[in-house]
Amino acid sequence: MKRRVWLTLGAVVLGGGGVTYAVASPSSDSGATGRAKRPVKVYALALKGTAADRQDLARTDTSQFSMLGVSWAGATTRLHGTAQVRTRSTATGEWSAWRDLELNVDPLEEPGRRVRGASEPLWVGSSDGVQVQVVRKNGTTTALPEGLEVNLVDPGVVTDAEAEAPGSEPAAFVAEGSPDATSSSTPADPASPGDGTAVTPTDGQTATSPAPTDTTTSTAAPTDSSSPSASASASPSASPSPTGPTAPPSTRPRPPIVDRAGWGADESISPQAPEYNADVKAVFVHHTDGANDYSCTDSPSIVRSIYAYHVQVEGWKDIGYNFLVDKCGTIFEGRKGGVDLPVLGAHTYGWNRESAGIAVLGDYTTTSASNAALASIARLAAWKLGQYGADPAGTTQLTAGATQKNYFSTGFTAGSAYTFQRISGHRDGYNTQCPGNTLYPQLPTIRAWAAGPVQGLKITSLGGATASGSTYYTKGAITAHWTATTPGSLIKSFQLLVDGKTVATASGTATSVGATLPLGSHTIAVRAVHQSGKTATSSALTVVAETTAPTFTTTPRLSLRSGTVNTSAVPVTLGWKATDDKALQSVKLLSPTTATFSPTTTSSSRTATSGTATTWSMRAYDYAGNYRTSSPAYTPAILQESSATKTGSWTTRSSTSYLGGKSYSSGSKGAGLTWTFTGRSAAWVVSRASTSGQAYVYVDGTKAATVDLKSATTLYRQAIWTKSWSSSAKHTIKVVVVGTSGRPTVTTDGLVYIK
């Protein structure tokens, strides 16, 4: 069962100023779905002062309202000056700064008797106090319009969630019992006598007073915009259909749209039937003005308030915009008649007969519209224009319904045709800043998103593959990740291309898809299919699928190096060589400790535990993720000096600084020590000082080196000479004292070898 809300009218007078309001009261059907928990209410407070150059309303306590504007008698009368308002927040109790109302509102095509001139409505959030000042423009002699008043809109509560919210009690502008409050069943119009004469306004709204007299009416009445009885044709080819047309199918999908019942429209206040155009050639983008910090849960309330303001304040037959979009991207049906039909709106003076109007909730003079809002505008415009085969990025010829100039001072003559972008801004057709200085430059983005192809498509990464230079390597399974600047809601699908052929498909909101590649070299790209059918393809990547593991051409091995030797650890060099048939990525040491090396590194200085067999495990990786492991084991061993075969005279020395606490020392020329071992690397360990002498080193009976032990500082347990072989074998190392003049002494601490 449809719920119905009835409109009742009443009046309140405050301190000599006229106060009118309209209250939408629910019917007795309290069980119907969608019942308004608190009806929408519209109030009017007359401005005070008789001066032709200024009128005011002092700070005035009110009950709850959330939107306001200034209106005056005479739809064609312009207010040349400024109108500023301040409001008091119900949440904080603080008064806002002064805010300007937008006065440069499109004039009306055929203003009816009850239509008033008005500013744009301003959403201020829940408030309970108002202050207003209207000042004539400096240097002008035109008096302020008659019947100036501030109009306050309480959006009411429609949903159960809204009804349960704090502060949702009914509003009334005069507190109960106030001695200043009077009431009447007849509405008072400060611009006309309340004689009770019944008239029927052209928008179908019941009224009980004649139209106000406007003493400052413009000399030339405009011939377009939002007349409740708009029936004149702007051009023979653009006349509205006398009956509802059939909705043509669109080439683009229809986006989700909250219908009028969804946002709580009171259909009883706009009973007139909608009118229709022949088609929709263009879409005009607007902003509604007001705060941008609204919660998107308030969006239905904002739409209800605009609707009430247009109908009950300005006297229009319905809300002027065909559609409204909030900053979260929710689309609301505006003027009734069917979202899929070419409903005649009242949004862009001179151009309503061949267009649709989309308004973004908020003020975009200095703040950019959100991507969510832009995406919804693009989707909506593409769908609406797609019903008539129009390219959203193209242009069209529109016939002017009025002689005027736009914001850019471009002149239009009624009845002549002019070129417009299919998606244009309000300022393109009329002299207004709307849709704001930041939203207007975003229109090219809206056109591009609406028309396609997908913008900014690029592959950002390949999961399962690693890049080396400009080439990626994988074992086979990959996941392509991508981004695009066109929102996913405007994209039909993505395709993963391998060597130019589609191997996987994903939805338009997806950002990745996987596939398995056959062995070999391939090109990988992503193709985006816009909802228009246009395609865009990312730059291609070269990907090699391969499963051959790297090889160690030199098995990891240890060799002794110079440095300080301890009984628990000896200095060693770990060496290796690894290669890959495609691209070696890295070599990792897995044990006895961990480290990662570049593909060109072949050695690393480490320490090894003496006396213990230790596994040195290394793994070579290629860029595809293939790897090979090599894990040889080595044991460093210490041969004390006492295990050597002695020749000549040697003296035993004791100190904790020596390996094992003792060492041999000799200054006798020709004295020698010989060690025999089986291993692959050896290091002679000595003590060094400024008085240390020289020694000859013999390897397997052949003199290999002359070593000088002299050092400016005293050092102990120094591996001073090393020798390594490619494989383990039996070797003999002999050291012989040279008997260096003035410093003949050689002190040896033993021999270290690796087996």
Can you pull out every residue in the range 274-296 that is more than 14 Å from Tyr364 (Cβ to Cβ) and touching a residue at least 24 places away in the same chain (Cβ under 8 Å)?
Pro274, Glu275, Tyr276, Asn277, Ala278, Asp279, Val280, Lys281, Ala282, Val283, Phe284, Cys296
Right, Ser568: surrounded by fewer than 14 Cβ atoms within 10 Å (Cβ to Cβ) and either β-branched (Val, Ile, Thr) or over 51 Å from the mean Cα position of the chain (by Cα) (or both) or not?
yes
Sort out which residues of the range 655-683 are in a strand (DSSP E or B), of a type in the set (Ser, Thr, Tyr) and either modelled with pLDDT under 95 or open to solvent by less than 20 Å² (accessible area, probe 1.4 Å) (or both), and write them in order of number.
Ser663, Ser665, Ser666, Ser681
Taking the options Pro256, Pro240, name whichever one is within 27 Å of Thr76 (Cβ to Cβ) and either open to solvent by less than 30 Å² (accessible area, probe 1.4 Å) or at pLDDT 95 or above (or both).
Pro240
Among the residues of the range 309-338, what is the count of those that are surrounded by 23 or more Cβ atoms within 10 Å (Cβ to Cβ), over 28 Å from the mean Cα position of the chain (by Cα), of a type outside the set (D, E, K, R) and assigned to a loop (DSSP other than H, G, I, E, B)?
4
Residue match in the range 497-504 (condition: outside any loop (DSSP other than H, G, I, E, B) and free of Cβ contacts under 8 Å to residues at least 12 places away in the same chain)
yes
Scan the range 618-643 residue by residue and report those that are assigned to a strand (DSSP E or B), among the polar types (S, T, N, Q) and under 47 Å from the mean Cα position of the chain (by Cα).
Thr629
What number goes with the only condition from (1) open to solvent by less than 10 Å² (accessible area, probe 1.4 Å); (2) modelled with pLDDT under 90 that Leu68 does not pass?
(2)
Please go through the range 74-92 and pick out each residue that is of a type in the set (A, V, I, L, M), crowded, with 19+ Cβ neighbours inside 10 Å and not in a strand (DSSP E or B).
Ala75, Leu79
Any residue in the range 118-142 that is under 12 Å from His80 (Cα atoms) sitting within a Cβ distance under 9 Å of a residue that is outside any loop (DSSP other than H, G, I, E, B) and of a type in the set (Lys, Arg)? List the pairs, counting only those 6 or more apart or interchain.
Val134/Arg54; Val135/Arg54; Arg136/Arg54; Thr142/Arg136
Selected residue [over 26 Å from Thr542 (Cα atoms), open to solvent by 30 Å² or more (accessible area, probe 1.4 Å) and hydrophobic (A, V, I, L, M, F, W, C)] from Ala467, Ala414
Ala414
Tell me, which residue of the range 584-613 that is at pLDDT 95 or above and in a loop (DSSP other than H, G, I, E, B) is surrounded by the fewest Cβ atoms within 10 Å (Cβ to Cβ)?
Thr600
Looking at (1) open to solvent by 20 Å² or more (accessible area, probe 1.4 Å); (2) small (Gly, Ala, Ser); (3) farther than 30 Å from Thr555 by Cα; (4) in contact (Cβ under 8 Å) with a residue 24 or more places away in the chain, can you tell me which one Ala695 breaks?
(1)
Condition test on Lys734, is it in a strand (DSSP E or B) and more than 23 Å from Ala569 (Cα to Cα)?
yes
What are the residue pairs meeting all of these: first residue in the range 384-396, first residue buried (at least 19 other Cβ atoms within 10 Å of the Cβ), second residue of a type in the set (Phe, Trp, Tyr), Cβ atoms under 7 Å, and 6 or more apart or on different chains?
Thr396/Phe420
Can you tell me which residues in the range 305-322 are under 15 Å from Thr288 (Cβ atoms) and polar (S, T, N, Q)?
Ser305, Asn322
Candidate set: the range 485-526, residues that are within 18 Å of Ala448 (Cβ to Cβ) and open to solvent by 30 Å² or more (accessible area, probe 1.4 Å); chosen: the one farthest from the chain's Cα centre (by Cα)
Lys492
Would you mind stating whether Gly357 is open to solvent by less than 10 Å² (accessible area, probe 1.4 Å), at positive phi, of a type in the set (Gly, Ala, Ser) and touching a residue at least 24 places away in the same chain (Cβ under 8 Å)?
no
If I ask for residues that are open to solvent by 40 Å² or more (accessible area, probe 1.4 Å) and more than 31 Å from the chain's Cα centre (by Cα), which ones from the range 93-107 would you list?
Gly93, Glu94, Trp95, Trp98, Asn104
Do we have Pro435 as assigned to a loop (DSSP other than H, G, I, E, B) and farther than 23 Å from Ile491 by Cα here?
yes
Whether any residue in the range 293-306 is aromatic (Phe, Trp, Tyr) and surrounded by fewer than 24 Cβ atoms within 10 Å (Cβ to Cβ) is what I want to check.
yes
On the basis of being β-branched (Val, Ile, Thr) and open to solvent by less than 70 Å² (accessible area, probe 1.4 Å), does Thr635 make the cut?
yes
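The values are calculated or read from the model by the stated rules, or taken from the named source; none is laboratory data. Since we're looking at a predicted model, the values are computed, not measured. All Cβ positions, glycine included, derive from the backbone under ideal geometry; neighbour counts span all protein chains shown. To get the accessible areas, we keep the full protein, side chains included, count just its heavy atoms, and leave off ligands, DNA and RNA. Shrake-Rupley method; radii C 1.70, N 1.55, O 1.52, S 1.80 Å.
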